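One structure below.
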Amino acid sequence: MVWSPETGSQPVRGAIRTAWAAEGAESGALGYPVAAQTCTDGNCTQTFERGAITRARTGETTVQRTIDNAADAAVVVNKQRPLNPVTYVPENLVNVEGQQLRSDAASALQQLKDAAAADGVAMSVMSGYRSYEKQAGLYNNYVAQYGQEVADTISARPGHSEHQTGLAVDIASPDGTCSLQACFKDTAAGQWAAANAHRFGFIIRYPEGASETTGYSYEPWHLRYVGTDIAVSIHSQGIATLEEYLGLPPASDY
């Protein structure tokens, strides 16, 4: 039996348990089981927090992970994990201060901004969704300006950008202080976001000192919507990166 406060006690047996263990068990990408396995005509499936495992009557085992689904809020995209398809376009984009975000991320961001405003902290939105084509242009400009080695530390290659999911947003202080700079962490907006973003389902995706895992320099302005369950869990456990939380390998390079 496997137990957690959120999912209760659930059995995980046989080939499904073997496959779950190979994924890192409860500390891996699938998380805890949310129900016992169910079987129909010899095919058995068990649902987990972030996916499912199916054992077919032929003996084949299939693992489905939400982190691989470009349309899921838990999707992980980094230098080792391109979006599938690489030209993915979210279906539910809405306008936010001249930018676009997925509707779930936009709603959470508005709640975050309202809470910050109630504490006397103003925030603005600098960047949201970027298409594959727009990211390609941005990345190529960085390569032309700084060379590819430096460009790869500050910009994602097309198909590898969180902004393409519609779940990432770059925030700023309305007066522009330290915009897109590490010193943003010392602004009122940066400090408030670092302390409170998790309450609204956001994480600082590229934290300080984690470039060997994330592949990117520190970006205190870059918020990624992952949902409150994951964001609160990451914060409460003091885990630095999404990769570490999900038991994924570092993605320092392509």
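Of the listed requirements (1) outside any loop (DSSP other than H, G, I, E, B); (2) buried (at least 21 other Cβ atoms within 10 Å of the Cβ); (3) of a type outside the set (D, E, K, R), Thr213 misses just one: (2).
Comparison of Gly24, Gly51 shows that the only residue that is touching a strand residue (DSSP E or B) at 6+ places or on another chain (Cβ under 6 Å), modelled with pLDDT of 95 or more and not β-branched (Val, Ile, Thr) is Gly51. The test for being surrounded by 15 or more Cβ atoms within 10 Å (Cβ to Cβ) and either on the phi > 0 side of the Ramachandran plot or touching a strand residue (DSSP E or B) at 6+ places or on another chain (Cβ under 9 Å) (or both) holds for Gly201. When restricted to residues that are part of a loop (DSSP other than H, G, I, E, B) and either within 21 Å of Ala117 (Cβ to Cβ) or not β-branched (Val, Ile, Thr) (or both), the stretch 216-235 contains 4.
Would you confirm whether or not the stretch 167-190 contains a residue that is within 26 Å of Gly98 (Cβ to Cβ), buried (at least 22 other Cβ atoms within 10 Å of the Cβ), in contact (Cβ under 8 Å) with a residue 40 or more places away in the chain and acidic (Asp, Glu)? Within the stretch 167-190, not a single residue is within 26 Å of Gly98 (Cβ to Cβ), buried (at least 22 other Cβ atoms within 10 Å of the Cβ), in contact (Cβ under 8 Å) with a residue 40 or more places away in the chain and acidic (Asp, Glu).
May I ask you to verify whether Glu91 is touching a strand residue (DSSP E or B) at 6+ places or on another chain (Cβ under 9 Å), surrounded by 21 or more Cβ atoms within 10 Å (Cβ to Cβ) and among the acidic types (Asp, Glu)? Write out each step before concluding.
Values: touching a strand residue (DSSP E or B) at 6+ places or on another chain (Cβ under 9 Å): yes; surrounded by 21 or more Cβ atoms within 10 Å (Cβ to Cβ): no; among the acidic types (Asp, Glu): yes.
So Glu91 fails the test.
The values are calculated or read from the model by the stated rules, or taken from the named source; none is laboratory data. Predicted model only: the values in this text are computed from it and were never measured. With ideal geometry, Cβ positions are generated from the backbone for all residues, glycine too; neighbour counts draw on all protein chains shown.
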